[in-house]
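Just below is one structure, and these are the notes that go with it.
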Amino acid sequence: MRERARRVVSDEVGTIVREARFRMALVYPSPYRAAMSSLGYQIIYRIVNERELWSAERAMLPEDVGEFRQGRWPLFTLEGETAVGDADVVAFSLAYELEIPGLLDCLDLSGIPLRGAERSDEDPIVVIGGPLTFSNPLPSAPFADVVVMGEGEEVVGCLLDAWEGHSGRAEKLEAIAAVAGCYVPSVHGELLLPVAAADNVLLPGCGQIITPHAELANMHLVEAERGCHRKCTFCVMRRSTNGGMRLADPGAIIASIPDAAQRVGLVGAAVSDHPKLCDIVEQIVDSGRGVGLSSLRADRLSERLVGLLARGGYRTLTVASDGASERLRKELQKVIREEHLIRAAHFAAASELRVLKLYMMIGVPGETEDDITELIDFCKEVSQIHRLALGIAPFVSKRNTPLDKHGFAGIPYVNGVLKRLRKELRGRVDIRSVSARWAWVEWNVAQGGFSMADATESAWRAGGGFSAWKRAIAEFGGEDESDRASWS
Ligand code: SF4
């Protein structure tokens, strides 16, 4: 295990190895490939390592948890190869609901009691942060001692100040509970606190480590902007969440790129809304590097931009259309029209990209058979212009959005729509979809409170398969999988 970890670290550029008085284990509840593609995770890694008294060392969910358990290996950090359970603070970055079982695996492998309420002065303080805290951290909160709500750059420093200034678990947690942006479940109870926003002077955030073993291999990650100024009703990152869109200076983006970077990933919820995007991408591509964008709106595409992306290594042009029909997109305030998507297909063809991929949600509130018929007709039309693929996700309503509390469309409904799409678009459109069953699990957790932490732990203890989740969700008050009563 240690040999394997050493090989991975030896291929990295930018690893920070240092000794300090206090140690934070920064744990990602998914494997290395996903962890090192997370910009937020890398930003916190650098910030903590900049503190005189602290070092941050990374650990991730092992690829094969069973192998770790069988060998009785404790989860250890990559930099110091020290046990996660021996750290002073163990901090997790949670991206979405279905990563919570991975967090339980990591706690279990570290020998740390799963629940905050079960921990003693001998145990580290467990902190949870990350994208999930923008919507609903409650189902993960009983496993945390502290939840950092929203953007963590400044909050994490204040949290560590409070930790340093007090002794004893109870005193530390009481002091941390007074820090803005820190939610301490044992003090605040079952309550959603507002999310924090970092100061603009901290932008653009950029990655620390480049590695060939990440999903975004050999890529330097840097923010082109943060947040979004739009108001799609299903989206957690809409403008009301963390103060709208904050643009990064193009000069600062380019200056952040290290010599070792073969590719540059421009990160942000609404990257293609950056008014200088074409110029930034052109400079990157002209320097001989590949480029990747974390989001691309169809109505922001131009021949120039798509041509630059093709030069920067793009083979697939991916845009989100979200609603199945023009009417639904309008209701979702997505403001993407058919003409934008058709234009995207022409751009993809002109730049000789392999495929146009459309992200789509089904089971959106108010969706009817006519909307699905419109989607099928539209896909047939687009597939005559260029090769088309659909990436489909069943709609899962999230807290902290206008569509909060809308019910799940139902597993039979979602499977029925998928069956129809596959049948009527066979041979013309490649269709990939998130499973209806797991979307239903995600919906229950996303909408839940502390009781969904009980359900998650129960499902995890029973092996984590779908039937274990189904039993656990029923036992702890979730909604029946076939119930469409609240879906309208
Ligand atoms: S879906 Fe995209 S454009 Fe819409 S609010 Fe979210 S980030 Fe902004």
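Overview of results
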item	result
Integer Hz, Karplus 6.51/-1.76/1.60 couplings in order for the range 254-270, x for Gly and Pro	5, 5, 6, 6, x, 4, 6, 6, 8, 9, 10, x, 8, 10, x, 5, 9
Antiparallel bridges, percent of DSSP beta bridges restricted to the range 298-399 (to nearest 5)	0 percent
Computed E for SER120/LEU403 - FRET, C-beta separation, R0 56 angstrom, nearest 0.05	0.85
Beta bridges by DSSP in the range 1-101, antiparallel share as percent, to the nearest 5	10 percent
Relative contact order of the chain, defined on C-alpha pairs under 8 angstrom at six or more residues apart (%)	11 percent
Sum of -39500 (n - 2.57) over DSSP H runs of 4+, divided by residues of the chain (222 nm, nearest 500)	-10500 deg cm²/dmol
Ordering of 14-26, 65-77 by burial proxy (mean other Cβ atoms within 10 Å per residue, highest first)	14-26, 65-77
For the chain, Cys with no neighbouring Cys Cβ under 4.7 Å	CYS106, CYS158, CYS182, CYS206, CYS228, CYS278, CYS379
Antiparallel bridge percentage (DSSP; both residues within the chain; nearest 5)	15 percent
Global geometry of the range 85-226, whether rounded, prolate or oblate, following the gyration tensor of its Cα atoms and the 1.5 cut on a/c	prolate
Furthest towards positive pole of dipole, ASN218, ALA436, PRO74, structure part the chain, Cβ charges	ALA436
Other-chain or far-sequence residues with amide H under 5 Å of VAL27's (modelled H)	ALA59, ALA91, PHE92, SER93
Cα-based Kirkwood hydrodynamic radius, the chain, one decimal, Å	23.6 Å
Sites CYS278 and GLU164, calculated FRET efficiency, Cβ-Cβ separation with R0 56 Å, nearest 0.05	0.75
Taking the C-alpha atoms of the range 341-442, convex hull volume expressed per residue in Å³	111 Å³
Burial order of peptide ranges 86-97, 370-381 (average beta-carbon count within 10 Å, highest first)	86-97, 370-381
Placed amide H near VAL264: partners under 5 Å, 5+ positions off or other chain	HIS220, GLY290, VAL291, GLY292
From phi via Karplus (6.51, -1.76, 1.60), per-residue ³J(HN,Hα) for the range 191-204 in Hz, x at Gly/Pro	9, 9, 8, x, 7, 8, 10, 6, 5, 4, 5, 7, 8, x
By average C-beta atoms within 10 angstrom, highest first, the peptides 4-12, 334-342	334-342, 4-12
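Throughout, read-outs are computed from the coordinates displayed, never taken from laboratory work. All of these numbers come straight from a predicted model, not from anything done at the bench. Quick reminder, even Gly has a Cβ in these numbers, built from the backbone with ideal geometry, and neighbours come from all protein chains shown.
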